[in-house]
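Each remark here refers to the structure printed beneath this line.
The values are calculated or read from the model by the stated rules, or taken from the named source; none is laboratory data. In this text, all values refer to a predicted model and were calculated from it rather than measured experimentally. Using ideal geometry, Cβ is built from the backbone for each residue, glycine included, and neighbour counts are taken over all protein chains shown. Only protein heavy atoms, including side chains, enter the accessible area calculation; ligands, DNA and RNA are left aside. Shrake-Rupley method; radii C 1.70, N 1.55, O 1.52, S 1.80 Å.
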Amino acid sequence: MGTPVTCIEDLRVLAHKRVPRMFYEYVDTGSYTESTYRANAEDFQPIKFRQRVAVNMADRSLRTQLIGEDVAMPVALAPTGLVGMQHADGEILVARAAEKFGVPFTLSTMSICSIEDVAEHTSRPFWFQLYMMKDREFMKSLIRRARDAGCSALVLTLDLQLHGQRHKDIKNGLSAPPKPTLRNWINLATKPRWCWKMLGTKRRYMGNIVGHVQGVSDMTSLSSWSAEQFDPTLTWDDVAWVRDQWGGKLILKGIMDAEDALLAAQSGAQAMVISNHGGRQLDSAPSTISVLPEIVQAVGDKIDVWVDGGMTTGQQVLKALALGAKGTMISRAYVYGLGAMGEAGVTRALEIIAKELDVTMAFCGHTDIRKVNADILWKPSLRGG
């Protein structure tokens, strides 16, 4: 028997061994110096808990709601591009694991498996993430396809009008599928498990785009099209346009400033996600956990505030909830699980986070996740706003 997987770091190590370099580093990287990427995780460390004793810790519950949907814990799986390159049929496997566990899964526009693929292999409604693109007819088509697939919420990402430079992606020549270069062939030869699984699937391109856009039929045409499509003219008027096109529950992702948070609260969206794109866009931006208290204080109860970025433990999730988040989103944690062990790895990642969240909540004297607040934090400066 192998060494037991007891934490997300174990899954990361396994994923590093099993996933081709360009796709592993696509996930495990930030822009420029990666200072924000590192800060997202490091800034949780100074936040300490108050340990309570002689408190009845029986009958604990992590169950709550996110935008009115019942969830097993206040964690949703964030949209991540190219998940189907971490493991064959990746998005389908993640969606199935999320459904069985009872947490929401968000499918990225830039996924390998299409909206229709995921809908065909799941029974619980999932969420769909949308980028603002210049081709508004294609955006209308994506929104319509998400509605037809039964998606219960639309997540609009606001912080990718331009691409932050990620040195590793450029050096690796990131593409899906990998370009047939000598360097890539040498690396792929060391990943037989990944190659064998990938040979068994037809899903190797961005399924939401290839075949749905005129003139985009292969890797070359897809790269050219996508490089030109992200719209730098995005404004709050476009957010209103998307809201009206969709007509359902809307989540705005990419808020990092209290002023923008107030605008998000006025937009008609049901929730907003404090996010710096995992430290992959503006390097030297603050960590998400460091701006959470200010934003929660600014918007009050006008809109649900969630947070993502750097969370790979249940303790980090609990700290975010204590600082006022109504929910959290995780990405790298479940992607490492997928790359390491497929669907079982995603399930294991969720189990790890849930157990850490449950046990830590108990040590802090609580049995109901919905009642957790800043009183569980030790440092007075972090209690409240």
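Ordered by solvent-accessible area of protein heavy atoms (1.4 Å probe), largest first, the residues 201, 33 come out as 33, 201.
Model label points for residue 284 and residue 55, set 7 angstrom from Cα along the Cα-to-Cβ axis, are 4.2 nm apart.
Per residue, how big is the convex hull around the C-alpha atoms of the stretch 265-331? Give it to me in cubic angstrom, could you?
Numbers: hull volume 6.0 nm³, N = 67.
Roughly 90 Å³ of hull volume per residue.
Its alpha carbons give the stretch 127-196 an Rg and a Dmax of 17.4, 44 Å.
For the listed peptides 137-148, 315-326, a ranking on the average number of other beta carbons within 10 Å per residue, highest first, reads 315-326, 137-148. So for the stretch 232-385, considering every pair of alpha-carbon atoms, how many percent are separated by more than 29 Å? Percentage above 29 Å: 22. Among beta bridges from DSSP that stay inside the chain, the antiparallel ones total about 15%.
Amide H to amide H, with H built 1.01 Å from N, residue 107 comes under 5 Å of 127, 128, 129, counting only residues 5 or more places away or on other chains.
Between amide H atoms placed 1.01 Å from N, distances below 5 Å from residue 307 occur with 274, 327, 328, 329, all of them 5 or more places distant or on a separate chain.
Packing-based ranking of 229-241, 361-373 yields 361-373, 229-241, ordered from highest to lowest mean Cβ neighbour count within 10 Å.
Which order do peptides 255-267, 181-193 fall in by mean Cβ count within 10 Å, highest first?
Values: 255-267: 18.5, 181-193: 12.8.
Final packing ranking: 255-267, 181-193.
Positive end of the dipole of the chain (Cβ unit charges, origin at the Cα centre): among 236, 246, 163, the Cα lying farthest that way belongs to 163. Take residue 249: with every protein chain present and a 1.4 Å probe, its accessible area is about 70 Å².
If you work out Cα Rg over 2.2 N^0.38 Å from the coordinates, which of [x] 1.47; [y] 0.95; [z] 1.15 do you get? Recomputing Cα Rg over 2.2 N^0.38 Å here picks out [y].
Using 0.36 nm times the number of residues separating residue 236 and residue 13, minus their current alpha carbon distance, what extension gain do you get?
Numbers: separation 223, 0.36 × 223 = 80.28 nm, distance 4.09 nm.
Full-extension gain reported as 76.2 nm.
What percentage of the solvent-accessible surface of the stretch 291-330, computed with a 1.4 Å probe over protein heavy atoms, is contributed by carbon and sulfur atoms? Walk me through the numbers before you get to the answer.
Working: 500 of 1170 Å².
Roughly 43 percent of what the probe reaches on the stretch 291-330 is carbon or sulfur.
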